[in-house]
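Below: one structure, written as structure tokens.
The values are calculated or read from the model by the stated rules, or taken from the named source; none is laboratory data. Just so you know, these numbers come straight off a predicted model, no measurement behind them. Cβ atoms come from the backbone with ideal geometry, glycine included; neighbour counts cover every protein chain shown. Areas reflect the complete protein model, heavy atoms only, side chains present, ligands, DNA and RNA absent. Shrake-Rupley method; radii C 1.70, N 1.55, O 1.52, S 1.80 Å.
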Amino acid sequence: MRHLGADYSSSVPASLLLNITGADRPGVTSALFGCLPTDTTVLDVEQVVVQGLLTLGVLIEIDSKTDVEKIVHRTTQTLSELGMQVSTAMSETVDSASKNRHTVTVLGTPLRATAFSKVADAIAHAGANIDRIERIAAYPVTAIEMSVSGSQLHSLRQQLALLPAEAGLDVAVQQGGINRRGRQLVVMDVDSTVIQDEGVELLARKAGVEDQVREITHRAMSGDIDFEESLRQRVALLKGLPETVFESVLAELRLTPGARTLCRVLNSLGYHVALVSGGFTQVVEPLGETLGVDHTRANMLEVVNGTLTGSIVGDIVDRAGKAKALVELAAEHGIPLSRTVAVGDGANDLDMLAVAGLGIAFNAKPVVQDAADASLNVPYLDTVLYLLGISREEIDEFNAQNGFEASKPL
């Protein structure tokens with residue numbers, strides 16, 4: 001960027017940056033714009049207040065007829081009377097419409113300066129520039145959202161891929177611009193995602209076969225055994241349980257912190273929310289009613305004369321079945337797949353995460369984190385909202401307006 005005094009007699013469009021800093025107070029912005037000629041074209045404006053310190057930047061278009069020195073003198077004099085400092089710079093105006101724009105969200109508990117430095121270095125190595133930084137959450141995790149430009153999505157993700165393990169961070173990279181807005185369908189896995197438990201293991205505990213079922217579940221979630229086969233093996237071990245066991249299991253379910261808030265906020269914004277599970281209808285449907293979701297898809301355990309037979313009725317909701325459910329629900333509501341979100345933790349969620357516009361691995365197995373668009377490794381499910389551009393402040397405001405407790409994730 002050139003400084004004042006440069007020759008701008010050429011036909012190349014030029015711009016003047018006016019950067020204002022100082023203690024925040026009323027009237028600074030209006031004073032700045034009052035210093036500009038009435039026919040000034042404003043190209044960009046950005047203002048941020050951090051701990052009472054204001055930074056205000058205004059980019060204006062200039063040409064050979066513009067009296068730059070007069071503008072700078074008037075601005076400096078007027079703003080100094082308000083206790084503000086003014087710095088200026090000039091440059092050629094560059095058309096930024098063709099830039100590749102992306103959103104990088106960084107979460108840390110806590111977020112260390114050294115870790116953030118690694119993120120900035122990785123973005124630079126990807127050939128990208130950080131255009132804007134904003135904190136969107138201070139608790140229960142610190143979340144920073146960055147708008148970056150100038151790099152391909154693949155290159156950016158590749159550079160940032162190793163940072164979470166190295167720096168104790170969660171880093172999500174998404175396509176920026178209009179593509180990020182208007183997501184209308186969120187599909188979530190249930191076991192170890194919306195709830196902290198595995199439903200089949202709770203049932204297995206009632207049958208005295210928990211250890212056997214847990215071992216099969218672990219192999220299935222790690223991708224070492226076919227999900228359908230593992231499901232049938234586990235369900236067979238439940239044979240003989242009374243139908244009343246479902247009421248007991250539902251009373252024991254532990255919601256993941258933030259699950260209720262996530263569903264409440266999404267519902268209030270008009271999102272369609274679905275629970276799609278490799279678990280069981282007799283558990284997932286009542287859970288869905290409690291959370292107020294629009295749809296549930298799960299496997300139906302066969303019950304005859306009030307007793308579980310150890311079999312499943314109908315088609316299996318497996319890895320392919322979850323992806324199929326997402327596609328069908330999107331079509332039912334007329335929502336393009338690019339505007340869908342999937343959240344899951346296990347290998348049977350991989351197809352669902354791949355087909356969604358944004359696939360989020362939540363406290364997931366390594367194979368799932370490697371394949372997902374974004375990974376969250378914090379215990380709060382409502383952090384998904386940060387990846388949708390919703391801040392903690394907006395979440396708390398929503399909770400307060402509706403009489404929900406805002407001091408902790410529910």
Condition set surrounded by 14 or more Cβ atoms within 10 Å (Cβ to Cβ) and of a type in the set (S, T, N, Q), scope segment 228-247, selection farthest from Asp191 (Cα to Cα): answer is Gln233
Within segment 359-392, the residues that are within 21 Å of Gln159 (Cα to Cα) and among the hydroxyl-bearing types (Ser, Thr, Tyr) are Ser375
In segment 199-224, anything modelled with pLDDT of 85 or more, more than 24 Å from Leu275 (Cβ to Cβ) and charged (D, E, K, R) is listed as Asp211, Glu215
Exception for Val343 within (1) part of a helix (DSSP H, G or I); (2) surrounded by 21 or more Cβ atoms within 10 Å (Cβ to Cβ); (3) of a type outside the set (Phe, Trp, Tyr) falls at (1)
Only unsatisfied item for Ile360, checking (1) of a type in the set (A, V, I, L, M, F, W, C); (2) open to solvent by 40 Å² or more (accessible area, probe 1.4 Å); (3) in a strand (DSSP E or B), is (2)
Exercise for the section: Output yes when any residue across segment 267-278 is surrounded by 17 or more Cβ atoms within 10 Å (Cβ to Cβ) and of a type in the set (Ser, Thr, Tyr), and no when none is. Expected result: yes
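Sort out which residues of segment 127-160 are assigned to a loop (DSSP other than H, G, I, E, B) and either of a type in the set (Val, Ile, Thr) or within 19 Å of Arg112 (Cβ to Cβ) (or both), and write them in order of number.
Pass one, segment 127-160, residues assigned to a loop (DSSP other than H, G, I, E, B): 127-128, 138-141, 150-152.
Ala138, Tyr139, Pro140, Val141 - these are the residues of segment 127-160 that are assigned to a loop (DSSP other than H, G, I, E, B) and either of a type in the set (Val, Ile, Thr) or within 19 Å of Arg112 (Cβ to Cβ) (or both).
Every residue in segment 307-328 that is over 30 Å from Gln184 (Cβ atoms) and open to solvent by less than 30 Å² (accessible area, probe 1.4 Å), please. Steps first, answer last, please.
Filtering segment 307-328 for residues over 30 Å from Gln184 (Cβ atoms) gives 307-313.
Result: Leu308, Gly310, Ile312.
So which residues in segment 34-44 are exposed (fewer than 14 other Cβ atoms within 10 Å of the Cβ) and either over 11 Å from Leu79 (Cβ atoms) or without any contact (Cβ under 8 Å) to a residue 12 or more places away in the chain (or both), if there are any at all? Before you say what the answer is, go through the steps one by one.
Kept after step one, since they are exposed (fewer than 14 other Cβ atoms within 10 Å of the Cβ), are these residues of segment 34-44: 34, 37-39, 41-42, 44.
Passing the criteria: Pro37, Thr38, Asp39, Thr41, Val42, Asp44.
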Of the candidates Thr75, Thr55, the one satisfying the condition of being modelled with pLDDT of 95 or more and surrounded by 11 or more Cβ atoms within 10 Å (Cβ to Cβ) is Thr75
Q) Condition test on Ala251, is it of a type outside the set (Lys, Arg), surrounded by fewer than 21 Cβ atoms within 10 Å (Cβ to Cβ) and either more than 21 Å from Val313 (Cα to Cα) or in contact (Cβ under 8 Å) with a residue 24 or more places away in the chain (or both)? A) yes
Filtering segment 279-296 for residues that are open to solvent by 20 Å² or more (accessible area, probe 1.4 Å) and of a type in the set (A, V, I, L, M) leaves a count of 1
Given (1) at pLDDT below 90; (2) acidic (Asp, Glu); (3) surrounded by 14 or more Cβ atoms within 10 Å (Cβ to Cβ), Glu166 misses just (3)
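Being under 23 Å from Met352 (Cα atoms) and crowded, with 18+ Cβ neighbours inside 10 Å narrows it down to one of Ile225, Ile195, so name that one. Give the derivation first.
Values: Ile225 fails: crowded, with 18+ Cβ neighbours inside 10 Å.
Only one candidate passes the filter, namely Ile195.
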